[in-house]
Amino acid sequence: MSSTPENVAVTEISSPNDLNSTSEATTRSEQTAGAGLGLWVRDLLISAGVSILIILFLYQPVRVEGTSMLPRLEDRDRLFINKFVYHITSIEHGDVVVFHYPRDPEKSYIKRVIALPGDRLRIDHGQVWVNGKALSEKYVPNMYRDTRSYAETVIPEDCYFVMGDHRSISSDSREFGAVERDLIYGKAVFVYWPAKDMGEVK
């Protein structure tokens with residue numbers, strides 16, 4: 001709390017010159033405030049523009065068509081894929097990737113990476129084995145599993161074995177083989193629509 005000294009009388013009287021000076025000072029203050037607001041708006045627009053360019057450069061919106069990635073991705077979900085990430089990091093087990101369909105590059109598929117180049121893979125009545133270890137695939141509910149088998153194979157260099165989470169209906173590497181690295185162009189990162197499905201893709 002501040003206090004004002006008692007018994008102090010302010011007796012100054014402004015002269016015309018003082019009034020003019022005050023008016024000029026007020027005008028300059030208003031001009032300064034206006035310029036400050038203009039700079040703030042400019043900086044805001046520049047920041048927004050840069051953010052939009054970064055998003056457009058790094059991310060691409062795509063729409064899911066089909067149900068082979070249930071339960072995480074539903075038909076007509078909208079999501080962002082990161083187009084740049086695999087230029088600086090490696091594709092990992094479990095990544096959900098978007099790639100050109102090997103048998104028709106005009107089409108795009110979205111699947112989960114199960115095995116990397118050099119991995120030994122086999123599927124025994126639905127149970128996936130990689131390098132001699134059974135995978136624990138929590139992203140595949142029991143109701144979506146199947147009993148298909150796949151003979152042991154070594155994934156070729158620069159190729160990736162991919163599968164849909166809805167195993168009983170998915171068309172994936174069990175049918176068309178491992179996907180070449182050059183066909184993979186993005187990693188699914190975030191569902192933005194509809195709101196009920198919104199969230200990170202894991």
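The values are calculated or read from the model by the stated rules, or taken from the named source; none is laboratory data. Model, not experiment: these values are computed from the prediction. Note that each Cβ is placed from the backbone with ideal geometry, even for glycine, and that neighbours are counted across all protein chains shown.
Quick notes on this one:
- For segment 142-173, residues that are crowded, with 18+ Cβ neighbours inside 10 Å and within 18 Å of GLY66 (Cα to Cα) total 10.
- Any chance ARG103 is surrounded by fewer than 14 Cβ atoms within 10 Å (Cβ to Cβ) and touching a helix residue (DSSP H, G or I) at 6+ places or on another chain (Cβ under 7 Å): yes
- Check on ARG122, crowded, with 16+ Cβ neighbours inside 10 Å, touching a residue at least 12 places away in the same chain (Cβ under 8 Å) and of a type outside the set (Ser, Thr, Tyr): no
- Tally, over segment 158-192, of residues that are hydrophobic (A, V, I, L, M, F, W, C) and touching a Pro at 6+ places or on another chain (Cβ under 9 Å): 5
- Pairs are defined by a Cβ separation below 7 Å, a sequence spacing of at least 6 or placement on different chains, a first member in segment 38-59 that is outside any helix (DSSP H, G or I), and a second member that is at pLDDT 75 or above; the pairs so defined are TYR59/PHE80; TYR59/ILE81; TYR59/ASN82; TYR59/LYS83.
- Identity of the residue in segment 26-53, of a type in the set (Ser, Thr, Tyr) and modelled with pLDDT of 70 or more, that ends up farthest from PHE84 (Cα to Cα): SER47
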